[in-house]
Each structure stands twice: as structure tokens, then as C-alpha cells.
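Beneath this line is the structure, given in C-alpha cells, with notes to follow.
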Amino acid sequence: MTQVLHIVGGGMAGSEAAWQAAEMGVDVMIHEMRPTVGTFAHQTGNLAEMVCSNSFRSDDDEQNAVGLLHWEMRAANGLIMTTADAHRLPAGGALAVDRDPFAESVTAKLRAHPRVSVTDEEVTTLPDDDQWIFATGPLTSPALGEAIRSETGAEALAFFDAIAPIVYAESIDMSKAWMQSRYDKGETEEERTAYLNCPMDRDQYEAFIDALLAADKTEFHEGETAGYFDGCLPIEVMAERGRETLRHGPMKPVGLTNPHAPDVKPHAVVQLRRDNALGTLFNIVGFQTKMKYGAQTEVFRMIPGLESASFARLGGIHRNTFINSPTLLDAQMRLKSKPNIRFAGQITGVEGYVESAAMGLLAGRLAAAEILGRDLPDVPQDSAMGALIHHITGGAEAKTFQPMNVNFGLFRPVEGLKGGRRGRKDRYKAYTDRAKSEWSTWLEHC
């Protein structure tokens with residue numbers, strides 16, 4: 001009898017894991033509880049639904065670690081990256097996608113694969129036999145979360161993710177806003193005008209900060225603590241850290257010139273990024289929030305150009321759980337106490353769509369190889385994939401383990417290169433050259 005690989009969760013990690021295993025010749029069953037059992041953040045039953053941003057961040061594979069991860073996933077015939085490229089939207093040097101067609105395409109490709117089956121049942125236990133990958137992500141169901149806690153003997157760590165609002169383009173006042181990427185970045189005119197910008201003078205900025213600080217916020221339930229991931233901080237939390245924090249973060253006014261007043265330098269700029277191919281929806285970049293809905297509309301309509309904004313979706317906040325992977329997983333991403341089970345995606349303590357899909361790619365390949373009786377070489381630590389898996393399976397300090405984006409700080413130094421900011425460009429190029437070589441060699445043996 002052919003052994004089936006069971007994958008729990010049909011997000012970025014689960015979808016990529018299923019694709020990789022099926023392409024290696026293994027039969028796969030995806031267990032995705034949606035739409036039968038919904039979540040706070042999801043709106044459909046599609047696989048790989050994007051619930052927060054529609055961006056996969058930088059696509060620069062020579063000077064950026066996440067861009068390097070894009071390159072490695074493309075080299076491995078990654079479903080997520082292939083589909084993202086097919087539904088790409090202008091976003092300067094970033095890779096942004098039309099979220100609904102993207103998820104629909106991933107779903108169609110997996111459902112059409114002869115080795116993939118999908119069921120909408122909720123899994124609430126950790127099975128003792130067969131091969132399983134749990135890629136249930138930040139919104140793991142309470143019942144399964146309890147099963148994981150019971151098996152691991154430890155409380156699942158938790159932090160909170162916020163999502164940003166989406167605005168209808170037709171409701172934006174273009175007599176005040178304009179289209180431009182920072183520093184006109186991009187190879188085409190479409191890329192150089194990928195972002196919509198709303199300028200603020202000093203008085204408008206100060207009034208906006210006052211309103212943010214005074215707005216009604218979502219309160220946490222008893223026993224919950226607001227441990228936020230720094231890469232997804234609500235804007236009001238950033239404002240609480242100092243009145244200038246936003247102006248040096250998502251609202252920084254650099255690299256932009258307002259064509260309506262070219263001689264006036266804005267004190268701050270709010271950027272919006274296209275959220276769909278039609279250009280009818282824009283999300284407010286970096287504006288994750290825990291403000292209550294009524295407060296959001298009042299505060300965001302203080303932004304010049306958004307005075308009459310109509311919102312397709314308001315922001316929100318949700319609980320995010322992950323396991324202490326350095327203590328619980330082995331180098332093959334298997335649960336030490338139940339080696340028939342692997343974990344992948346955000347629940348392992350990586351952060352971001354790309355990082356989650358990357359860990360799904362590795363888990364799918366590793367599980368398929370085990371089922372097929374094949375020995376894969378160790379994932380090279382000097383690749384972006386290897387840096388991430390090494391971090392979550394032992395490289396990180398278990399006592400202070402927190403969600404981590406891929407970054408060059410996870411990479412081993414390249415001998416003979418200068419440290420510091422001045423040597424950064426050469427150092428990053430050396431990291432990416434080495435990683436591409438190591439990853440390509442690994443793929444040749446897989």
C-alpha cells in the first residue's frame with residue numbers, strides 16, 4: 001500500500017509542502033478545516049489565502065535575504081513563487097500579488113494535481129502513525145493547540161499580529177495624493193509609480209498622532225499579554241514609543257516629491273500599495289492596527305487624500321501561536337517525541353509568507369524522501385533555506401526564542417570581508433553568491 005503524506009493546514013506552508021511532496025511522487029492529503037470551520041482572519045476556503053499584506057517583500061536576490069529566499073524557492077520549482085510571479089502587481093522593488101487570483105490559482109493547481117487530495121475536516125489530535133506535517137499557522141484551532149501543548153508539555157508561545165485596512169481607489173482624492181515609488185525605484189514606469197502617496201505637513205502629522213494615541217483600541221482577554229512581533233507592530237503601538245517613530249518608519253517622507261507642490265517637502269507621507277490587478281483596491285502600507293472599527297474610519301480619514309475614503313476591509317488583530325522549535329524539533333523538522341510528525345510554517349517560529357512557504361518546501365521534501373526511502377543531504381546552512389531551518393531547529397536560543405524573518409544576521413560570515421555598513425554591499429553579494437551555489441548543489445542531489 002502506498003503511504004500517504006497527511007498535511008494539516010492549507011496556507012502557504014501546507015500548500016508548498018503538498019506540491020513539493022506530490023512532485024516527488026508521493027500521494028498527499030491536505031486537511032484544511034476551512035470553510036467548514038472558519039477563523040477570524042480568513043474570508044474564503046481557498047488554499048494559500050493571504051490574510052495580512054499582499055506583499056512578499058523585496059525581490060532583490062543579491063542584496064536582500066528575503067529576495068534570496070525567493071530565488072531559492074524558484075530554483076526548487078516552488079508553487080508559491082511560481083504563482084506569485086504569475087499574479088504579480090507593480091510594487092517597486094518588492095513582489096506584491098493580486099491576492100484573490102493568487103489563492104484561487106494555488107487552489108486550482110493543487111486540486112488538479114493527480115497525487116493531491118483535499119478535505120475540509122478539522123484535525124484535533126497528533127496521530128501516532130503515518131507521516132504528517134502540521135502547518136496550521138498562526139490561527140491553529142484551540143482543540144489542536146491544546147493537543148500540541150499536551151504532547152510537548154509546554155505552553156505554546158503567543159504574540160499578536162495585526163492586519164492593515166484596504167481602501168477603495170475610487171474614494172481617494174488624487175488632487176492631494178500622487179503615484180510614485182520611493183526614489184522612483186523600478187525598471188518600468190509602472191514600477192516607478194507603484195505606490196500611492198498621501199502627504200502630511202507638521203500640524204497634520206501631530207494631530208494624527210494625537211488621534212492615534214487617544215483612539216479606542218481592542219482590549220485583550222483576561223490572561224492575554226500583548227507580545228507583538230516587531231515586524232507587524234500596530235501603528236498605535238509604534239506611536240506610543242515616540243511621536244517621531246512613525247515618521248521614521250512607515251510614514252517616512254524620503255525619496256518622494258509631491259507633484260502638487262514640488263517645492264514643499266512633506267513632513268510625513270502615508271503610502272498605499274495596489275492590492276489587486278484592477279487597481280481598484282489599495283492597502284495602507286505598514287498601518288496594521290488594533291483600533292476599533294469606528295475609531296479607524298475617523299483616524300484614517302484625517303490623512304490628506306483619504307478624507308472620504310471608503311474601506312473594503314478595516315484592520316484587526318489576532319492571536320498568533322508558535323512552538324519552541326529549538327527544543328521540540330530535530331534537524332529534519334520532526335517532533336522529537338513523535339518522529340512521524342513534522343511542523344512547518346509560522347507555527348515553527350518563522351515569520352512572513354515567504355519564510356513560511358520556504359519551511360513548507362523543506363518539510364514536504366524531507367517527508368517525501370523519508371516515505372520514498374531516500375536519503376537527502378543536509379540542507380546547506382549557508383543557503384537562505386539552511387539559515388532558517390538551522391535557526392529554528394537549534395541555532396536560536398530556546399529561552400528567548402521569538403518569530404524571525406530571514407535576514408543576513410542568520411548567515412555565517414564570509415571570511416576576508418569587512419564588517420560594518422561600508423562593507424555591507426560586498427558582504428551581502430558574497431552571502432547570496434555562496435547561498436545560490438550551495439542551494440543549487442543541494443537541489444542536484446535531491
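Since every read-out is calculated from the coordinates, none of them should be taken as a lab result. These numbers were taken from a predicted model, which means no experiment stands behind them. Counting neighbours? That spans all protein chains shown, and the Cβs are built from the backbone with ideal geometry, glycine included.
Starting from the Cα gyration tensor of the stretch 301-446, take the square roots of the eigenvalues, sort them a ≥ b ≥ c, and report rounded, prolate or oblate (rounded when a/c is under 1.5, otherwise prolate if a/b is larger than b/c, else oblate).
Because a/c hits 1.5 or more and a/b fails to exceed b/c, the stretch 301-446 counts as oblate.
Name the GluC sites (Glu not before Pro) in the stretch 355-420 that are in a loop by DSSP and that have at most 13 other C-beta atoms within 10 Å, would you? Don't jump to the answer; show the numbers that get you there.
Working: sites: 355, 370, 397, 415; in loops: 397, 415.
Filter output for the stretch 355-420: 397, 415.
Which three lengths, in whole Å and largest first, does the chain cover when its Cα atoms are put on their principal axes?
70, 53, 43
Relative to the longest principal Cα axis of the chain, at what angle does helix 424-444 sit, 0 to 90 degrees, rounded to 10?
Taking Cα atoms only, the helix is inclined about 30 degrees.
What angle do you read, to the nearest 10 degrees and between 0 and 90, between the alpha-carbon axis of helix 65-75 and the longest principal axis of the chain?
Orientation of helix 65-75: about 50 degrees from the principal axis.
For helix 12-23, report the angle its Cα long axis makes with the longest principal axis of the Cα atoms of the chain; keep it between 0 and 90° and round to the nearest 10°.
Between the helix axis and the principal axis of the chain, the angle is about 40 degrees.
With Cβ to Cβ distances under 14 Å as the rule, what net charge do the other residues near residue 368 carry (K, R +1; D, E -1)?
On the way: positive: 115, 334, 342, 365, 374; negative: 16, 23, 27, 130, 370, 375.
Summing Lys and Arg as +1 and Asp and Glu as -1 gives -1.
Which pairs in the list 185/252; 176/265; 109/338; 185/429; 252/429 are over 24 Å apart, alpha-carbon to alpha-carbon? Could the numbers behind the result be given before it?
On the way: 185/252 16 Å; 176/265 14 Å; 109/338 31 Å; 185/429 20 Å; 252/429 27 Å.
Result: 109/338; 252/429 exceed 24 Å.
Taking the Cα centre of the chain as origin, sum charge times position over the Cβ atoms of Lys and Arg (+1) and Asp and Glu (-1), and report the length of that vector in debye to the nearest 20.
Charge dipole, the chain, about its Cα centre: 980 debye, nearest 20.
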